[in-house]
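Scroll down for the structure; my scribbles are underneath it.
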Amino acid sequence: MSALLEIRGASKRFVKRLDAAAKIGNLFGAGLREEVVHAVDKVSLAIAPGEVVGLVGESGCGKSTLGRMAVGLHSLTEGVRLYKGRDMASLSAQETKAAQLGVQMIFQDPYASLNPRMRVDDIIGEAPVVHGIVPARQKSDYVADLLTQVGLDDGFARRFPHQFSGGQRARIGIARALAVKPEFIVCDEAVAALDVSIQAQVLNLFMDLRERFHLTYLFISHDLGVVRHLADRVVIMYLGRIVEIAPTDAIYADPNHPYTRALLSEVPDLTKRRRAYIPIRGEIPSPLNPPGGCHFHPRCEHAGPRCAVEQPALREVAQGRLAACHLNDGGTG
Amino acid sequence: MSQQPALSTATPVLQVSGLETHFAARNGIVKPVNGVSFSVSRGKIMGLVGESGSGKSMTGYSIMGLIDAPGKVVGGSILLDGREVRGLDAESLRALRGNRIAMIFQDPMMTLNPVLRIDTQMVEAIQAHEDVGRHAALDRCRAALAQVGIASPDQRLKSYPHQFSGGMRQRVAIAIAILLKPDVIIADEPTTALDVTIQGQILAEMQKLCRESGTALIWITHDLSVIAGLADQVCVMYAGRIVERGSVDDVLDSTAHPYTLGLLNSVPSRNPRGQRLRQIPGMTPSLLNLAPGCPFRERCAHATRECLEDPLLEPVLGHPTDAASAAHQVSCHHPLQTGIST
Ligand SMILES: Nc1ncnc2c1ncn2[C@@H]1O[C@H](COP(=O)(O)OP(=O)(O)OP(=O)(O)O)[C@@H](O)[C@H]1O
Ligand SMILES: Nc1ncnc2c1ncn2[C@@H]1O[C@H](COP(=O)(O)OP(=O)(O)OP(=O)(O)O)[C@@H](O)[C@H]1O
Ligand code: SF4
Ligand SMILES: [Mg+2]
Ligand SMILES: [Mg+2]
């Protein structure tokens, strides 16, 4: 299998600047300083052409950061990024441009990511004209066609983003990504802000477009039900690291990593009535100061002494399945 | 799976009937709460479910007396332990809030003051309603923080809200709501922004609170799956009205309203994996000058001319468990037959 997109040993570190609330806090003597976040820590992932990979994990675990690294919106602090087997750092300017158009991202917040002062026909049509995908005089037809593709009225082109509902805005974001004819799309929580009935429409659209244009997706979501429905393979992240990768059926049937198991047991389910939820154990650690060894050890019911000091490697636990837990590798003692 | 409370459930602690809240807009009237009725008993959990804009938060704010101009509660009654609280003056309302009835907001910063330390805020919350010393109050604060899973409460009490992550802030807001063990808590999607593992943990604490202190809980959400796991009763809201209500099993398994069924069918787990999801056609109507009749009729496959008239919320007929049938109600001219709800 040769990957369409691959990242190897990739990390991203941020210096966390003080926000307004922290500055106010400092006035009251909180004494806060800038800190370094290891948002993504030596992650490797290869995505095959036509594949849909679901990326799941708690808020702040680095999903969006990894998605942005995959499309090239974030530089890598370390590691390499390959597109169709070639190191992006080694490409000519021309080749880089082509590769950049080939990978697109649909952003987490459809409100913030659409310029409120631009009309829909510019939001969608500007990039393809600039990049010579369509001649300027065909822009309106091109935009009208894309609007129809995503199930919107082609008469909407002259409107501004605020004149649309959440679900319609999500579709505009999708049309904008499609406009440059990408092969690979990172969908970052693309349906998170939508009601179930609208979410169903947008998920159906993703499935239709995948078939029609042979798209490859990295589908970021905290909703395990959505990921299960769409993805061929699921990647679970915890505090900047991948802890498990497996085909969708396998991971839902038989999760390996204790974190994956905890996650799946908490998924709300229409068929589980008046269930006894599991009370709080441990504390959710801060990404600024992650626990040593296995990041999950303070919350893990299987943790032993080894887990606090030694980072478990992501190793093969079955055909096509990887997990990072000492239980797979000689135990936690 | 969890045991039901052995507390008396004879009279509901909160009884809302015919509640109406209007907003005067430039070009007409918006009715986000349009004749809402329900009741909750001690120790019970009621889910209030509906899509964005259906009026869930406005229902909560109306009960709490938190509607500001241009909005106004224009009709209905809110009985708290048998006493009418609608229209109470500001001071009496403040005495009730926090103490007898508390709300947890979607955004925890609606509860928390950014420039005050957590201990100051929590102690004030107690002392506003009870005559207790600072030390005794602090003990209760620590206990409440521990209950929502905040480790090292002593250190945390000395922090400011910005020193917490979003999830931790929400847990502090929940701790403040449970400090005084109110009779009723209205929780407005407090876990929507949290991860499922943390959500599960908070739900466990809320269940325990209801069981042990007899608090009645109204859990507002757009997620039917959360309601399924948490609630005893459920009210489904659409365009400012309750369109269906009943026990969780009745509403989810013997669904009577076409809208409820549409919502259920759009949940991915109710569809074969990888297949197109069944979606509800169209969009939710604007609440501005909404025409009379069933507000769902434009999207409904069963709509007839009758649906131009307002349907009443009435008991579902031909229910399998007859004793419970009066409690399962639907507002629809053509309710679905039980047994064909998939
Ligand atoms: N531009 C940035 N500058 C500083 N820190 C950042 C930046 N972007 C992300 N981070 C930090 O990196 C970590 C990972 O963030 P990221 O947004 O990737 O998480 P996520 O998994 O997408 O979370 P969510 O589910 O909430 O969207 C967080 O601790 C975040 O605060
Ligand atoms: N100031 C206002 N003027 C006019 N209409 C308003 C005003 N505030 C709210 N509304 C309307 O009230 C309706 C109900 O809003 P509400 O916030 O209760 O919905 P909700 O069910 O809580 O939705 P969500 O799930 O998005 O929180 C909305 O349709 C909104 O447009
Ligand atoms: S390595 Fe240890 S702490 Fe980490 S998940 Fe496995 S058993 Fe738990
Ligand atoms: Mg994100
Ligand atoms: Mg709301």
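Residue separation times 0.36 nm, minus the C-alpha to C-alpha distance between A:ALA253 and A:ASP141: what's the value?
Contour length minus the Cα-Cα distance gives 35.6 nm.
Be a star and scan segment B:171-191 for residues whose amide nitrogen sits under 16 Å from the point 7 Å along the Cα-to-Cβ vector of A:ASP19.
What the label zone holds, given the 16 Å backbone N cut-off, is B:171-173.
Taking chain B as a Gaussian network, where each spring joins two C-alpha atoms under 10 Å apart, which residue of B:ASP89, B:ASP188, B:ASP119 fluctuates the most?
Maximum among the listed residues: B:ASP89.
Would you be so kind as to identify which of A:PHE164, A:LEU288, A:TYR217 lies farthest towards the positive end of the dipole of segment A:161-292, taking Lys and Arg as +1 and Asp and Glu as -1 on Cβ and the Cα centre as origin?
Of A:PHE164, A:LEU288, A:TYR217, it is A:PHE164.
Based on the Cβ-Cβ distance from B:HIS135 to A:VAL36, what FRET efficiency comes out when R0 is 25 Å, to the nearest 0.05?
0.05
Can you give the Kirkwood hydrodynamic radius for segment A:93-157, in Å, rounded to one decimal and based on Cα pairs?
About 13.1 Å for segment A:93-157.
Defining a contact as two alpha carbons under 8 Å apart and six or more residues distant in sequence, what relative contact order in percent does chain B show?
Once normalised by length, the contact order is 20 percent.
Once you keep just the Cα pairs under 8 angstrom separated by 6 or more residues, what percentage relative contact order results for segment A:90-206?
Numbers: 143 pairs, mean separation 45.7, N = 117.
So the answer I get is 39 percent.
Starting from the 7 Å offset along Cα-to-Cβ, what nm value, one decimal, do you get for the label separation of A:HIS162 and A:GLU78?
Reported label-point gap for A:HIS162 and A:GLU78 is 4.7 nm.
If amide hydrogens are placed 1.01 Å from N in the peptide plane, which non-local residues have theirs closer than 5 Å to the one on A:VAL235?
A:GLY54, A:LEU55, A:VAL56
Counting other Cβ atoms within 10 Å of each Cβ, which trypsin sites (Lys or Arg not before Pro) in segment A:1-85 have at most 12 and sit in a DSSP loop?
Of the trypsin sites (Lys or Arg not before Pro), the ones in loops of segment A:1-85 whose Cβ has at most 12 other Cβ atoms within 10 Å are A:ARG17, A:ARG33.
What is the spin-label model distance, in nm, from A:ALA93 to B:ALA25 if the labels are put 7 Å beyond Cα along the C-beta direction?
5.1 nm
For segment A:266-276, in order, what is each residue's ³J(HN,Hα) by Karplus, 6.51 cos²θ - 1.76 cosθ + 1.60 with θ = phi - 60°, in whole Hz (x at glycine and Pro)?
Rounded to whole hertz, the list is 9, 5, x, 9, 4, 8, 8, 9, 5, 7, 8.
Just to check I understand the Karplus step: with θ = phi - 60° and J = 6.51 cos²θ - 1.76 cosθ + 1.60, what whole-Hz values come out for segment B:226-231, glycine and proline as x?
Values per residue, Gly and Pro as x: 5, 4, 4, x, 10, 8 Hz.
Can you tell me, using C-alpha contacts under 8 Å and at least 6 residues apart, the relative contact order of segment B:169-224 as a whole percent? Can you show the working numbers first?
On the way: 40 pairs, mean separation 27.1, N = 56.
Averaging sequence separation for qualifying contacts and normalising by length gives 48 percent for segment B:169-224.
Report the calculated FRET efficiency for B:SER77 and A:GLU126 (r = Cβ-Cβ distance, R0 = 60 Å), to the nearest 0.05.
It comes out at approximately 0.60.
Please give the Cα centre distance for segment A:97-170 versus segment B:205-276, rounded to the nearest Å.
Answer, in whole Å: 36.
Go through segment A:58-153 and name the chymotrypsin sites (Phe, Trp or Tyr not before Pro) that are in a DSSP coil and have 15 or fewer other Cβ atoms within 10 Å of their Cβ. List each step's numbers first, then the result.
Details: sites: A:TYR83, A:PHE107, A:TYR111, A:TYR142; in loops: A:PHE107, A:TYR111.
Qualifying residues, ordered by number: A:TYR111.
Can you show me the helix-derived [θ] at 222 nm for the protein assembly as shown, built from DSSP H runs with n ≥ 4 at -39,500 (n - 2.57) apiece and divided by the number of residues, rounded to the nearest 500.
Taken over the protein assembly as shown, the calculation gives -9000 deg cm²/dmol.
Please report, in cubic angstrom per residue, the volume enclosed by the convex hull of the alpha-carbon atoms of chain A.
174 Å³
How many angstrom lie between the Cα centre of segment B:100-147 and the Cα centre of segment B:25-44?
About 29 Å separates the Cα centre of segment B:100-147 from the one of segment B:25-44.
How far apart, in nanometres, would the label points at A:ALA318 and A:ASP109 be if each is projected 7 angstrom from Cα along the Cα-to-Cβ direction?
4.0 nm
Build a GNM of chain A with springs between Cα atoms under 10 Å: which of A:ALA190, A:ALA313, A:ALA89 gets the top mean-square fluctuation?
Residue with maximal mean-square fluctuation among A:ALA190, A:ALA313, A:ALA89: A:ALA89.
Restricting the count to DSSP beta bridges whose residues both fall in the protein assembly as shown, what percent are antiparallel, rounded to a multiple of 5? Please report the intermediate quantities before stating the final value.
On the way: 57 of 93 bridges.
Antiparallel bridges make up about 60 percent of those DSSP assigns within the protein assembly as shown.
In the structure displayed, which of A:LYS42/A:LYS97; A:LYS12/A:LYS63; A:LYS16/A:LYS42; A:LYS63/B:LYS158; A:LYS23/B:LYS158 lie more than 23 Å apart, Cα to Cα?
A:LYS42/A:LYS97; A:LYS63/B:LYS158
What are the ³J(HN,Hα) values, in whole Hz, obtained from phi via the Karplus relation 6.51 cos²θ - 1.76 cosθ + 1.60 with θ = phi - 60°, for each residue of segment A:258-265 in sequence order, with x given for Gly and Pro?
x, 5, 4, 5, 4, 4, 5, 6
With a 10 Å cut-off between alpha carbons and a GNM built on chain A, which of A:ASP109, A:ASP145, A:ASP269 moves the most?
A:ASP269
What full-extension length gain, to one decimal in nm, is calculated for A:ASP153 and A:SER286 as 0.36 nm per residue of separation minus the Cα-Cα distance?
Full extension from A:ASP153 to A:SER286 adds 43.4 nm.
Bear in mind these aren't lab numbers, they're just calculated from the coordinates by the rules spelled out. Keep in mind it's a predicted model, so treat the numbers as computed, not measured. Backbone-built Cβ (ideal geometry, glycine too); neighbour counts: all protein chains shown.
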